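A.B. asks: I have a structure here, written as structure tokens, and I will follow up with some questions on it.
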Amino acid sequence: MDGRDDDGVRAGILLVAAGSGVPHELAPTLVALGYRVLDPAAGGDLPAAVIVAVAPGEIPAAAALTREYHSQGLPVLYYALTGDPEFLSALAAGQPQGLLCPPLSPPQLGVALDAALRSFGESGLTSRLAVLKSLMDAAVNPIYVQDTQGHYIGINRAFEAFLGVSIQSALGLTAAEIFSDEVGEFLAEKDREILSRGGVQQFEVALENASGRERHLVFHRARFDDADGLARGIVGVATDVTDSKRVEKDLRNEQEVLRRILTGIRAGIFIIDPKTQIVVDVNATAEDLCGRSREDLVGKPCGDIAWSDSEGRPLATCAVLVERNILNEEMRLTRPDGRTLPVIKTVVTAPRRGELRLFEIVFDISERKALERQLAVAQKLESVGELAAGIAHEINTPTQYIGDNLHFLSTAFAGLGQAFSRIEAVARRLAADSGDTAALQEIEAARGEADVEFLLDEAPRALEQSVEGVGRVTAIVSAMKKFSHPGGEEKTAVDLNAAVENTVIVAKNEWKYASDVTLELDRSLPPVFCLPGDFNQVILNILVNAAHAVAEKVKGTAEKGRITIRTEADGEYFKLSVADSGVGISEANRRKIFDPFFTTKEVGKGTGQGLAITHNIVVTKHGGTIDFDSVPGEGSTFTVRVPFGVQAALADAQGDDL
């Protein structure tokens, strides 16, 4: 620092007085030395130095001026107006950058100014460097300074602790000499990059610390230049992100575990802003449940989702979510395709990214509801079956002796008819031989009064019809007993042809008024290993639906429709088809025909459970399929396929024998 300005002219010197007067006598000498003399009243340029004239008794004032100018970064020289040694000693105690005494020659003044400017600049730089060094050492992050060759010319204590070496031993080394060759080459390449381009550089690298443990550091670095804009080195700050990365990884792992759990248990998550009631996010399961994409759900009002209560009453908005807590509450969710899913919903509040959110947790309970329906139907059927079995047993006994008596009466009447004919013949012969005309007339009158010809003709026919009627009652009772047999929890060999026949008899009241039933049964089919009670329910549900479809079509006419039930083998599968000439199934309803609660029947005549239960029994319990073909206005054909199950039954039998 030589006090020159940008034009090479020495900078200005400010002459001030501590009290007595400004030392204007120094002005010519300063000008002769190339300095500009500044007027304190004029302001303007900042001086390079200040000369304060001090007389005895003005030392406190001089000290105050010194502190003021030092705070502005200016060196201060005292110009003593007297050469008293004690006075000069007191001035020196104020630590000015120079002490001038008259008489003062130009060389003395020049040397004093140059020395003051140089010493003040060096001390200021040293002070600033000391402050910077203190700041670096106080920082918890490793900080370092490199020259353009990659040598460390300064590191702080945090970097010293990380490296496990002293600051003195690390100075002058390069990254390649401290770290591995791979890391050293990587850092050297980064050095070349920032030295050539400048700016700020950020990157992450894994380094081993003094304990040999790998740590992940994020470096922020910048190039520093000299006054001419030439690169002089690199300053860098490192942030240890190992712990935060581990926490972040653990958090990701926990989130992944939670995501997999929620996916595994098929939990749909809807995240809602409680203030605006807008859907802010959903998961994949929620998309599947709604039948809508995430893009179609996010940003829409939560009331845009078609929720209804357990009775099917629509919930217009989701205001209920913020009015009360919801815990495992049963609702229904209607998809855009018209399908209705029974669900269980729980709503909790929790912060997400600093904002309070509502979390709707939704579970599809279609399978559970299907099981509940099946259980209810099974319990009902079991009760009805037990009642029917008891009634059938009670009917069977009187029916049996009525039938036996009718058979006896038929035989007896035939014998009586023959005996009467023979007696009449003998009587007629005796009357004729004796010439008793009155006897013959009496015989004719008795025949006429008794209407013997009618009795002999109609009575056997009446007895025959009665026997046939009793036989039909017996067949119905037998079918009821077989249909109502509770079966068991295990599959058994069942003659499904016989099951079809029994079901047709039991359900006759459902179809006899509107349709005729034709059976085309393959009698050569082997037994099917199935759950008897469940499969009876399948046949009954399909037959009753067919009967209702036909009845709807012929209602108000004298016509009767037709239902054709066919059984046949289809490879390893038993195939049952039920074709009807009913109203058919519209295109809009085909995708919902097996959905729970779906019915096209008027209120009170359908629960929407029959075909849903049938589908579950066939597909889930028996590993089969159920399909249908339908032409609106012409009829439908339902086709059920279930495996005969012979191989599985043989394997079970062999296992039991072991």
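The values are calculated or read from the model by the stated rules, or taken from the named source; none is laboratory data. A quick note: this is a predicted structure, and the numbers were derived from the prediction, not measured. Because the Cβ atoms are built from the backbone with ideal geometry, glycine has one as well, and the counts that use them run over all protein chains shown. The protein model used for the area step is the full one, side chains on, heavy atoms only, and it has no ligands, DNA or RNA in it. Shrake-Rupley method; radii C 1.70, N 1.55, O 1.52, S 1.80 Å.
A.B. asks: If you take the residues of region 205-260 that are among the hydrophobic types (A, V, I, L, M, F, W, C) and more than 26 Å from Pro142 (Cα to Cα), which of them is farthest from the chain's Cα centre (by Cα)?
C.D. replies: Out of the qualifying residues, it is Ala227.
A.B. asks: In region 142-158, which residues are farther than 25 Å from Asp226 by Cα and open to solvent by 50 Å² or more (accessible area, probe 1.4 Å)?
C.D. replies: Scanning region 142-158 gives a single hit, Arg157.
A.B. asks: For region 579-589, which residues satisfy the criterion of being under 11 Å from Pro632 (Cα atoms) and charged (D, E, K, R)?
C.D. replies: Passing the criteria: only Glu587.
A.B. asks: Hey, another quick one. Being farther than 17 Å from Ile539 by Cβ, touching a residue at least 12 places away in the same chain (Cβ under 8 Å) and not in a loop (DSSP other than H, G, I, E, B) is the filter here, so list the residues in region 628-642 that pass it.
C.D. replies: Hits for region 628-642 are Ser630, Val631, Gly635.
A.B. asks: In addition: Of the numbered conditions (1) open to solvent by less than 40 Å² (accessible area, probe 1.4 Å); (2) under 19 Å from Ile271 (Cβ atoms); (3) modelled with pLDDT under 85, Gly354 fails exactly one; give the number of that condition.
C.D. replies: Condition (1) is where Gly354 drops out.
A.B. asks: Filter region 103-115 down to residues that are closer than 21 Å to Thr82 by Cβ and in contact (Cβ under 8 Å) with a residue 24 or more places away in the chain, then give me how many there are.
C.D. replies: 3
A.B. asks: So for region 534-556 (the condition being outside any helix (DSSP H, G or I) and closer than 18 Å to Asn616 by Cα), does at least one residue qualify?
C.D. replies: no
A.B. asks: Could you tell me whether region 38-52 includes any residue that is modelled with pLDDT of 85 or more, open to solvent by less than 50 Å² (accessible area, probe 1.4 Å) and farther than 18 Å from Leu113 by Cβ?
C.D. replies: no
A.B. asks: Pairs, please: C-beta under 6 Å, at least 6 apart or cross-chain, first residue surrounded by 10 or more Cβ atoms within 10 Å (Cβ to Cβ) and in region 250-272, second polar (S, T, N, Q) and not in a helix (DSSP H, G or I)?
C.D. replies: Ile269/Asn283
A.B. asks: If Ala62 satisfies all but one of (1) surrounded by fewer than 16 Cβ atoms within 10 Å (Cβ to Cβ); (2) touching a residue at least 24 places away in the same chain (Cβ under 8 Å); (3) within 17 Å of Ala17 (Cβ to Cβ); (4) of a type in the set (Gly, Ala, Ser), what's the number of the condition it fails?
C.D. replies: All conditions pass for Ala62, except number (1).
A.B. asks: From the set of residues in region 73-98 that are without any contact (Cβ under 8 Å) to a residue 12 or more places away in the chain and aliphatic (A, V, I, L, M), which is nearest to Arg118 (Cα to Cα)?
C.D. replies: Going through the qualifying residues, I end up with Ala92.
A.B. asks: Now for a separate question. Tally time: how many residues in region 508-532 are open to solvent by 30 Å² or more (accessible area, probe 1.4 Å), touching a residue at least 60 places away in the same chain (Cβ under 8 Å) and small (Gly, Ala, Ser)?
C.D. replies: The number of residues fulfilling the criteria is 0.
A.B. asks: Does Glu122 satisfy the condition of being assigned to a helix (DSSP H, G or I), open to solvent by 40 Å² or more (accessible area, probe 1.4 Å) and modelled with pLDDT of 85 or more?
C.D. replies: No, not satisfied.
A.B. asks: Checking Ala161 against (1) crowded, with 17+ Cβ neighbours inside 10 Å; (2) over 42 Å from the mean Cα position of the chain (by Cα), only one condition comes out false. Which one?
C.D. replies: (1)
A.B. asks: Taking the criterion of being basic (Lys, Arg), open to solvent by 60 Å² or more (accessible area, probe 1.4 Å), farther than 30 Å from Gln465 by Cβ and modelled with pLDDT of 75 or more, would at least one residue in region 404-426 satisfy it?
C.D. replies: No; the residues of region 404-426 include none that is basic (Lys, Arg), open to solvent by 60 Å² or more (accessible area, probe 1.4 Å), farther than 30 Å from Gln465 by Cβ and modelled with pLDDT of 75 or more.
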